[in-house]
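Okay, so here's the structure we're looking at.
The values are calculated or read from the model by the stated rules, or taken from the named source; none is laboratory data. Keep in mind it's a predicted model, so treat the numbers as computed, not measured. Note: ideal-geometry Cβ built from the backbone for every residue, glycine included; neighbour counts use all protein chains shown.
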């Protein structure tokens, strides 16, 4: 990683640690919310941004994670068991969801993931014996870590921050390993990749599975944050918003989800000063952002570099053209 | 899963043996009983007019399509039913007629990813260093191909000719026994064709990495083929018309009539 | 039995409207690879356009005609030039997200700028009932179905029997070859956007009297159109109508025989079943994974 990126991350870490001192309870809650969505969208960024798959059903895994924790805790088991179960279940289901990806072309894969999300949401809504149906599951407790209660918003915020940093580090390690290049090869040219020995089937399945695990972990944290789980946050609409977050942040850029989740979660809050118009401004901002930066917010440095490069090259070209005419004239 | 190249390199055994390969598309017989062998270290050319079945033959050898009948043997092992992934694991590399580099990765990374899946298992690769220990190999090939000055750039930013060189280099990274080259000169500036020919000869006789690979080359550029190949197979309408050295092919009356012209 | 037939026929009417929206959606996809997540809002906006013209004194049909022109300009030309053209070469992702943003913007723009309340909308058809073989049908149901069907068939005929329509099909199937043949590709793509706009205004004219003009009327309609298009076959124009009719009829039957709460879930369930067993849709052709 470049030095500037490391300094940037360090500065952000300091900010994230100190921020709660300047915020009221709701601000801390919002920050925690944002962190949770960073985890979830990092998973989606892996599936969609790095591995080039189509996934419009990510919120389903988010919901599976949340409901797993809620149901298990209601049955008297610990949060930690729920968290582990959430991750495992999402991994398995993610692999299963990856199978259609092996056989269907892009747009139909998107539809299949939508269908998956729909199925999961219907189960959440209708299977009252399991999920409480539209009434949901309430009074979900916050966990305690080594005797320390994480009940307060501040404590839970620091806990979520720690988990976020851990998940980020794991993903960074994975993408830095040969897996990172394999995913990129799968995204940019699967036929070529296969002819070079990249097992595109396995990597496709794993890109779904690992992305799902991230959403599941985020969902588990979400359950204890909001302490009341019902089907509404896990609809197709929510998946589409997560997709929006990944694309706006910059698909395939490691820190894209940080910005994307900020745009999706924090920006609408910040825009509330516009009152009735705030969602209109948000929607318009997304449209304009896409037209101006189709590769997402984090593509700005690349674009600046490309423009500089183009300027250098055109200056070099005109310089050599001038030299040529000069020589020609003097010949 | 790891497939080390364990094979009997007994002297005289062909690297590639195609026996009576047939493939029809409905009523059209694209390939009608083609047989030939390629010996270790040999450069084997395949020429013929459009529609002669070269591409279908190639795609069968590369596992993209399954032939109707016939056998394809790689170092004595039957690989007729193998797909592209399996073939690569067994030691077959290839280049593509249209450019197929990973545009958003650097040239060096392109080369690394071209061989990284051959080291260890998927699980072990999670913990491997980012270049999988292939940095030196990649650098050796970069120097041999004279693309050191663009090695750090994204492959998509290179000129067509340079990308073509990267494409060819990628095929060699995994030290394959057999490399199939699909029209390596297609779309290349005529001034660069000689360079490619020299490079391929070098890779064949004096590889900086790995062993002496055998090549099978489809090309339309006659001078290129005659200069580069040890033996040439002429295909016409799905059948083998002749197999021989460049001199034998040049003086073969049938071939001259059907293909090379006056 | 008469209940069933009644539900069936009124379901056909609603379904035909879904079919209109789904057809436009499919045309956009075929012509330009655009997945328009704002399709529901494309029906909602003309409803308010017509309300605007009518409050300026114009009669219904004149408002409709004016809205058609306005919609072709805004939802056709402006949408294509402003959003689709710049993003076309960047693949599916930016366009999809931009249309998501557009739908949010349109929906909330109307909400904040006009009203969050529902406004009544005059019907094209008089309040008349017909009694046929014991079944009671409203003129609106029959008229809606007939008009929507006529529009869909007219669009189909245009696409298959006119030179322009066939040129549009050529562009949809193989843009490069079409360009080489001298077809004005950008113009053909624009026609697809224009037709979508016209179909959307027609859908608005037919659906708003029943559902009332409200800023969020596009949400559910857009979803239904999306599912209908996929159920029928996303690469097939006839499929759009079939999908719409199936959704419309099944919804009505489900609301009556199962529970009104399940009405919206019906489209979802049919969509899922189709995706599982025939992902290319009921009338769609299987698209091979390109080697």
### Query
Is segment A:261-268 home to any residue that is under 12 Å from the mean Cα position of the chain (by Cα) and not in a helix (DSSP H, G or I)?
no
#### Entry: Which numbered condition residue C:51 fails, given (1) over 27 Å from residue C:239 (Cβ atoms); (2) within 14 Å of the chain's Cα centre (by Cα)
(2)
### Task
Scan A:82, A:76, A:98 and give me the residue that is within 30 Å of residue C:273 (Cβ to Cβ), at pLDDT 85 or above and assigned by TED's automatic domain parsing to the domain that holds residue A:138.
A:98
### Query
From the list B:242, B:258, which one is touching a strand residue (DSSP E or B) at 6+ places or on another chain (Cβ under 7 Å), assigned to a helix (DSSP H, G or I) and over 18 Å from residue B:145 (Cβ atoms)?
B:258
### Task
Look at residue A:28 and say whether it is away from every other protein chain (no Cβ under 12 Å), touching a residue at least 24 places away in the same chain (Cβ under 8 Å) and within 10 Å of the chain's Cα centre (by Cα).
no
### From A:258, A:236, residue being touching a residue at least 12 places away in the same chain (Cβ under 8 Å), more than 10 Å from every other protein chain (Cβ to nearest Cβ), crowded, with 20+ Cβ neighbours inside 10 Å and farther than 23 Å from residue C:87 by Cα
A:258
#### Entry: Qualifying residues in segment A:175-207 (those that are in contact (Cβ under 8 Å) with a residue 40 or more places away in the chain and within 7 Å of chain B (Cβ to nearest Cβ)) - the one nearest to residue B:133 (Cα to Cα)
A:184
## Note on the structure
All conditions in (1) within 30 Å of residue B:35 (Cα to Cα); (2) modelled with pLDDT under 90; (3) facing chain A (nearest Cβ under 10 Å) are true of residue B:125 except (1)
### Query
Residues A:14, A:69, A:48: which one is under 17 Å from residue A:95 (Cα atoms) and either part of a helix (DSSP H, G or I) or touching a strand residue (DSSP E or B) at 6+ places or on another chain (Cβ under 8 Å) (or both)?
A:48
### Query
Which is part of a helix (DSSP H, G or I), within 16 Å of residue C:49 (Cα to Cα) and without any contact (Cβ under 8 Å) to a residue 12 or more places away in the chain, of C:69, C:64?
C:69
#### Entry: Total residues in segment B:131-175, condition assigned to a loop (DSSP other than H, G, I, E, B), surrounded by fewer than 17 Cβ atoms within 10 Å (Cβ to Cβ), free of Cβ contacts under 8 Å to residues at least 24 places away in the same chain and at negative phi
1
### Query
Which residues, taken from segment B:98-121, are within 7 Å of chain A (Cβ to nearest Cβ) and part of a loop (DSSP other than H, G, I, E, B)?
B:100, B:102, B:103, B:104, B:105, B:117, B:118
